[in-house]
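Asks: Sharing a structure with you now.
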Amino acid sequence: MRRRGFRGLRPLHRLRRGFSPDIPPALQRANDLMASGDYPAAAAAFEQLAQGAEARHGPRAPHLYLRAGHACLLNAQVPLAMGHFEHGLSLLAASGHLRVLQRAGWRVVQQLKERGLDQEAQQIEARLNSLLPAGFTTEAPATGGRVTLPTHCPGCGGPVRPDEVAWLDESTAECSYCGSPIRGG
């Protein structure tokens, strides 16, 4: 009889670094719709994904709501976009990811200002200030000297923002939407 030993067991960091999750086809489709400019369908797809993730208490729900808000904004559905933005930011605050909240909120404010939606930008900025503890600002956060990442996740096609991803090590980040490891150069 042959002994198996511990050969099959690896440290957790190795499992995570080499881990490539099964990417839901619905997420790939939503990102494809967004990339092709079909913003109404993309908004509906991201909203459905976000609601499902939230129902499962999934960590990706806030990012999916923010993506749904962005699709609504690009489709000129400003009130719906604002609801998604506020809900996504609230979920980020509840999760305790304050730096990600700060950066994502700042990005939303900038997107609104770029479209001339100054009143809505002020609304998000006020909401952000109410969610962040003293000492955090809604101004552009400083970025560190990390490696360069691709602009989109090779797994699901979602946008990659180096200041908002979870870093697994000095050159590998985790996609905010699907959890795939993304290697920088």
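The rows are residues; the columns are (1) part of a helix (DSSP H, G or I); (2) acidic (Asp, Glu).
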| position | (1), (2) |
| --- | --- |
| Glu47 | yes, yes |
| Met82 | yes, no |
| Glu86 | yes, yes |
| Leu89 | yes, no |
| Leu101 | yes, no |
| Val109 | yes, no |
| Gly116 | no, no |
| Glu120 | yes, yes |
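Asks: If you go through the range 76-108, how many residues are of a type in the set (Ser, Thr, Tyr) and over 22 Å from Arg56 (Cα atoms)?
Replies: The total comes to 0.
One line per residue, one yes/no per condition, for (1) aromatic (Phe, Trp, Tyr); (2) without any contact (Cβ under 8 Å) to a residue 12 or more places away in the chain; (3) in a helix (DSSP H, G or I):
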| position | (1), (2), (3) |
| --- | --- |
| Glu54 | no, no, yes |
| His70 | no, no, yes |
| Pro79 | no, yes, yes |
| Trp106 | yes, no, yes |
| Leu112 | no, no, yes |
| Val147 | no, no, no |
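Asks: Being assigned to a helix (DSSP H, G or I) and free of Cβ contacts under 8 Å to residues at least 12 places away in the same chain is the filter here; which residues of the range 24-43 pass it?
Replies: Matches in the range 24-43: Pro25, Ser36, Ala41.
Asks: Would you pick out the residues in the range 162-181 that are of a type in the set (A, V, I, L, M, F, W, C) and either touching an Asp or Glu at 6+ places or on another chain (Cβ under 7 Å) or assigned to a loop (DSSP other than H, G, I, E, B) (or both)?
Replies: Val165, Ala166, Leu168, Cys175, Cys178
Asks: Take the range 158-177 and flag every residue that is under 13 Å from His63 (Cα atoms) and hydroxyl-bearing (Ser, Thr, Tyr).
Replies: Ser176, Tyr177
Asks: Here's another thing I want to ask about it. Quick one: what pairs do we get from the range 116-134, first residue within 14 Å of Phe85 (Cα to Cα), second surrounded by fewer than 16 Cβ atoms within 10 Å (Cβ to Cβ), C-beta under 6 Å, 6+ apart or different chains?
Replies: From the range 116-134, the pairs are Ala121/Lys113.
Asks: Tally time: how many residues in the range 149-169 are under 15 Å from Leu66 (Cα atoms) and in contact with a strand residue (DSSP E or B) (Cβ under 8 Å, 6 or more places away or on another chain)?
Replies: The number of residues fulfilling the criteria is 4.
Asks: Go through the range 56-68 residue by residue and tally those that are assigned to a helix (DSSP H, G or I) and more than 8 Å from the chain's Cα centre (by Cα).
Replies: 3
Asks: Let me ask another. If I ask for residues that are surrounded by 15 or more Cβ atoms within 10 Å (Cβ to Cβ) and more than 22 Å from Leu92 (Cβ to Cβ), which ones from the range 24-43 would you list?
Replies: Those that are surrounded by 15 or more Cβ atoms within 10 Å (Cβ to Cβ) and more than 22 Å from Leu92 (Cβ to Cβ): Gln28, Arg29, Asp32, Leu33, Asp38, Tyr39, Ala41.
Asks: So, in the range 143-165, of the ones that are among the small types (Gly, Ala, Ser) and under 22 Å from Ala26 (Cβ atoms), which residue ends up modelled with the lowest pLDDT?
Replies: Gly155
The values are calculated or read from the model by the stated rules, or taken from the named source; none is laboratory data. Treat the numbers as computed from the prediction; the structure is a model and nothing was measured. Cβ: placed from backbone, ideal geometry, glycine included. Neighbour counts: every protein chain shown.
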